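J.: I have a structure here, written as structure tokens, and I will follow up with some questions on it.
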Amino acid sequence: MAGPSFVDRARGAPEDDDFAITDDFRRAGRPAILAQDLAEETPFQQLIRHWMNERHAPDILPGQEMLLGRLLDHIRKQSRDVELLRADPDSSEEEHFRIMLVQTEVERVKFVIRSYVRTRLHKIEKYARYISATPEVHEKLSKAELDHARRYSRMVDYHFNQSVLQSLPEQQRELDEKPAFMPPMTPEPDKFRPVFAHALQDCPPMQLLDGTMSEMQKGQISLVPYQVVEQLLLRGEVELV
């Protein structure tokens, strides 16, 4: 006599301490999110929003360690449960096909997590000297990210000194020099770079670079310098698209 089906076993499984994979992955194809939908976002949808913001923002944004931890814990639990179900001799061919679909969605989540982490790592290495010398940026990074930025900055400084700077006149060996009409020696995020901002709610007036005031209504998409919407983005009132 065949045992209970995959669906029956899933329904009778202990309550997950995070979120149900069916709810999470059913809504993984993220629609446009407005303010009233933010409270209903699944962790995966939250990750996609932070991922897109990180990819489009010229500056590094506050890390999402707790969200990543929840997702990684859930992925490990789901992978373990799927392996147990795959090894169950009572599972039918249809149930194995459903398990394969779940595994595909798990890989999709893993891809977004890896891309998010790689995006942050690229910024950390690109602006390592700036990050190391700017205390207000430190709180945006995890301890591991900050340690990596400092180590990477020291390695780059050593490489420049050994390969080029030690052969130059003493007055030209500084990496912190900011010559007139020339790019700075230490690269910094370009906060004047234009970005597309999508308002998740009615936003307070913001001052443009020419001094004029502007407002973004809920659902509106505007092309503005990043500096103009930086605080709105950090408060979650807009997202970058």
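The values are calculated or read from the model by the stated rules, or taken from the named source; none is laboratory data. Everything numeric in this text was worked out from a predicted model, so none of it was measured. We place every Cβ from the backbone using ideal geometry, glycine too, and count neighbours over all the protein chains shown. Remember, those area values only see protein heavy atoms, side chains included, never the ligands or the DNA or RNA. Shrake-Rupley method; radii C 1.70, N 1.55, O 1.52, S 1.80 Å.
J.: Look through region 128-173, keep the residues that are within 17 Å of the chain's Cα centre (by Cα) and of a type outside the set (Lys, Arg), and return whichever of them is most open to solvent (accessible area, probe 1.4 Å). If you could, list the steps in order and put the result at the bottom.
T.: Going residue by residue through region 128-173, those that are within 17 Å of the chain's Cα centre (by Cα) are 137-146.
Add one more test, that the residue is of a type outside the set (Lys, Arg), and what stays is 137-139, 141-142, 144-146.
On the way: Val137: 6, His138: 38, Glu139: 158, Leu141: 19, Ser142: 18, Ala144: 71, Glu145: 41, Leu146: 25 Å².
For region 128-173, the residue satisfying everything is Glu139.
J.: Would you mention how many residues in region 103-142 are aromatic (Phe, Trp, Tyr) and farther than 19 Å from His50 by Cα? Outline the logic, then answer.
T.: Of region 103-142, the ones aromatic (Phe, Trp, Tyr) are 111, 116, 127, 130.
Adding the requirement that they be farther than 19 Å from His50 by Cα leaves 127, 130.
Of the residues in that region, 2 qualify.
Here's the yes/no breakdown for (1) among the charged types (D, E, K, R); (2) outside any helix (DSSP H, G or I); (3) at negative phi; (4) surrounded by 12 or more Cβ atoms within 10 Å (Cβ to Cβ):
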residue	(1), (2), (3), (4)
Met182	no, yes, yes, no
Pro189	no, yes, yes, yes
Ala197	no, yes, yes, yes
Gly211	no, yes, no, no
Lys218	yes, yes, yes, yes
Ser222	no, yes, yes, yes
Gln227	no, no, yes, yes
Gln231	no, no, yes, yes
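J.: Would you check if Met155 is within 23 Å of Phe44 (Cβ to Cβ) and assigned to a helix (DSSP H, G or I)?
T.: Numbers: within 23 Å of Phe44 (Cβ to Cβ): no; assigned to a helix (DSSP H, G or I): yes.
Judged against the criteria, Met155 is not a match.
J.: Next question. Does region 107-119 hold any residues that are buried (at least 17 other Cβ atoms within 10 Å of the Cβ) and either of a type in the set (S, T, N, Q) or over 21 Å from His74 (Cβ atoms) (or both), and which are they?
T.: Thr119 - this is the single residue of region 107-119 that is buried (at least 17 other Cβ atoms within 10 Å of the Cβ) and either of a type in the set (S, T, N, Q) or over 21 Å from His74 (Cβ atoms) (or both).
J.: Count, please, the residues in region 199-209 that happen to be assigned to a strand (DSSP E or B) and either among the charged types (D, E, K, R) or closer than 23 Å to Arg55 by Cβ (or both). Break it down into steps so the answer makes sense when it comes.
T.: Of all residues in region 199-209, those assigned to a strand (DSSP E or B) come to 199, 206-207.
Add one more test, that the residue is either among the charged types (D, E, K, R) or closer than 23 Å to Arg55 by Cβ (or both), and what stays is 199, 206.
So the answer is 2.
J.: Just a yes or no: is a residue in region 58-76 out of contact with any Cys (no Cβ under 8 Å at 6 or more places or on another chain), of a type outside the set (Lys, Arg) and more than 25 Å from Leu146 (Cβ to Cβ)? Reasoning before the result, please.
T.: First pass over region 58-76, keeping only residues out of contact with any Cys (no Cβ under 8 Å at 6 or more places or on another chain): 58-76.
So of that shortlist, the ones also of a type outside the set (Lys, Arg) come out as 58-69, 71-75.
Okay, now just the ones that are also more than 25 Å from Leu146 (Cβ to Cβ), so 74-75.
Within region 58-76 (the criterion being out of contact with any Cys (no Cβ under 8 Å at 6 or more places or on another chain), of a type outside the set (Lys, Arg) and more than 25 Å from Leu146 (Cβ to Cβ)), the answer is yes, since at least one residue qualifies.
J.: Also, quick follow-up: Every residue in region 190-212 that is within 15 Å of Leu234 (Cβ to Cβ) and among the basic types (Lys, Arg), please.
T.: Lys191
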